[in-house]
Amino acid sequence: MSSVAVLTQESFAEHRSGLVPQQIKVATLNSEEESDPPTYKDAFPPLPEKAACLDSAQEPAGAWSTKIRPIKASVITQVFHVPLEERKYKDMNQFGEGEQAKICLEIMQRTGAHLELSLAKDQGLSIMVSGKLDAVMKARKDIVARLQTQASATVAIPKEHHRFVIGKNGEKLQDLELKTATKIQIPHPDDPSNQIKITGTKEGIEKARHEVLLISAEQDKSAVERLEVEKAFHPFIAGPYNRLVGEIMQETGTRINIPPPSVSRTEIIFTGEKEQLAQAVARIKKIYEEKKKKTTTIAVEVKKSQHKYVIGPKGNSLQEILERTGVSVEIPSSDSASETVILRGEPEKLGQALTEVYAKANSFTVSSVSAPSWLHRFIIGKKGQNLAKITQQMPKVHIEFTEARIYQEILFLP
């Protein structure tokens, strides 16, 4: 069915009365457009100017005046490695459980960072930390303090410089502790001691000590000079066991601060009396220039698992090679997957040094004995008596309990 609208005389009159004004209005507009067309400025009004936005500071800015800020990543990820010998918790029978897992959960809750644990091939602990920069740095400090064995060292600087290490409201000290993942204890103002105690990992202690000495050098009224020296030549300037730089400091009365291997800085800082300082700088420059002219390098491949044997306890093996041959051995950091070891020295000495590097790398062998975890305490004995007997009879043997096995590292004497 279709519907039909009925038009009456009244409705037609109403429709006509409503239509006429519109027709008149349109006609009037059309006549204006024909006689006076709009200008370009009327048709396209200009965008708001910068000055206008500044004048009306309280008024909300228009869409055109809004500044687009670059988006920065708020979440970062860093991986930290704890070597086997520095791990506090080595029982891997229940990896991901127990005290270690409980500590990681507490760190996540306290810092807001996310932690993921995994075991490396060398049984070291790899910890991936994700979160905001501040949270990651706090988590790193907690990881070092609670999951890694701690060492301590002291550094002496003038008592009047201690306040500069602390900084305003202790902010500088807190920042330094976060960057180096260490605990730095500064004597109370009433305490006459000038010794600052640093607790943390060996690498962290070296970094913190270097930073404290830099702060002290900046405040020292004596002359200060900085000398850029390529990182690879620092071992030659320090000498075996730091004896060479120690002699120069003693003879010139100048304090010389060489960045440790774990710090990527290249500048060596001298502090002291002007004339004596100049003598120290001249001697260091001479050593540097001579080594640059006379030394060359060779690169060899050594298994990553053997690097720690080349380095030796506290770096002693590297120092032995430097002392005997005058050759510096550069080992990739533990975070690097590289197996390339670089030897730098005089050409006629490189062969001897290479022999020593391979001897150190192959000086240990590892064997394992399967033993259920419930037997471990009987093998160890009461208060470690059984292990003590073994290590006394064979002092070159190191015994490590990990997973459900007992690993032995045996040093072959030449």
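Structure values in brief
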quantity	calculated
Hits in the stretch 283-298 (condition: open to solvent by 70 Å² or more (accessible area, probe 1.4 Å) and in contact (Cβ under 8 Å) with a residue 12 or more places away in the chain)	R283, K285, K292, K294
Hits in the stretch 214-257 - residues which are under 17 Å from L277 (Cβ atoms), free of Cβ contacts under 8 Å to residues at least 40 places away in the same chain, open to solvent by 20 Å² or more (accessible area, probe 1.4 Å) and part of a helix (DSSP H, G or I)	G246, E247, M249, Q250, E251
Filter result (assigned to a loop (DSSP other than H, G, I, E, B) and either in contact with a His (Cβ under 8 Å, 6 or more places away or on another chain) or in contact (Cβ under 8 Å) with a residue 40 or more places away in the chain (or both)) within the stretch 190-208	N194, T201
Meets criteria (within 18 Å of the chain's Cα centre (by Cα), in contact (Cβ under 8 Å) with a residue 40 or more places away in the chain and part of a strand (DSSP E or B)) for V136	no
Boolean, K179 is at pLDDT 90 or above, open to solvent by 80 Å² or more (accessible area, probe 1.4 Å) and among the basic types (K, R)	no
Condition check for E211: free of Cβ contacts under 8 Å to residues at least 40 places away in the same chain and either surrounded by 19 or more Cβ atoms within 10 Å (Cβ to Cβ) or not small (G, A, S) (or both)	yes
Residue within the stretch 191-204 that is surrounded by 19 or more Cβ atoms within 10 Å (Cβ to Cβ), within 23 Å of the chain's Cα centre (by Cα), over 23 Å from I256 (Cβ atoms) and β-branched (V, I, T) present	yes
Test: G381 is free of Cβ contacts under 8 Å to residues at least 12 places away in the same chain and open to solvent by less than 40 Å² (accessible area, probe 1.4 Å)	yes
Answer from E228, E267 - the residue that is out of contact with any helix residue (DSSP H, G or I) (no Cβ under 9 Å at 6 or more places or on another chain) and over 23 Å from L176 (Cβ atoms)	E228
Odd one out for K308, checked against (1) at pLDDT below 95; (2) in contact with a Pro (Cβ under 9 Å, 6 or more places away or on another chain); (3) not in a helix (DSSP H, G or I)	(3)
Members of the stretch 359-378 found to be open to solvent by 40 Å² or more (accessible area, probe 1.4 Å), under 30 Å from V300 (Cα atoms) and in contact with a strand residue (DSSP E or B) (Cβ under 7 Å, 6 or more places away or on another chain), listed by number	F364, T365, V366, S367, S368
Sole residue being at pLDDT 85 or above and hydrophobic (A, V, I, L, M, F, W, C), chosen from A217, A223, A151, A139	A139
The stretch 144-171: number of residues that are in contact (Cβ under 8 Å) with a residue 24 or more places away in the chain, in a helix (DSSP H, G or I) and either over 23 Å from E106 (Cβ atoms) or touching a Leu at 6+ places or on another chain (Cβ under 9 Å) (or both)	7
Filtered residues of the stretch 258-282 (kept if crowded, with 19+ Cβ neighbours inside 10 Å and not β-branched (V, I, T))	P259, F270, G272, L277, A280
Out of S305, S338, S328, sole residue that is more than 20 Å from A217 (Cα to Cα) and crowded, with 16+ Cβ neighbours inside 10 Å	S328
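The values are calculated or read from the model by the stated rules, or taken from the named source; none is laboratory data. Since this is a predicted model, take the numbers as computed values, not measurements. Reconstructed Cβ throughout: ideal geometry from the backbone, glycine too, with neighbour counts over all protein chains shown. Calculation scope for accessible area: heavy atoms of the full protein, side chains included, ligands and nucleic acids excluded. Shrake-Rupley method; radii C 1.70, N 1.55, O 1.52, S 1.80 Å.
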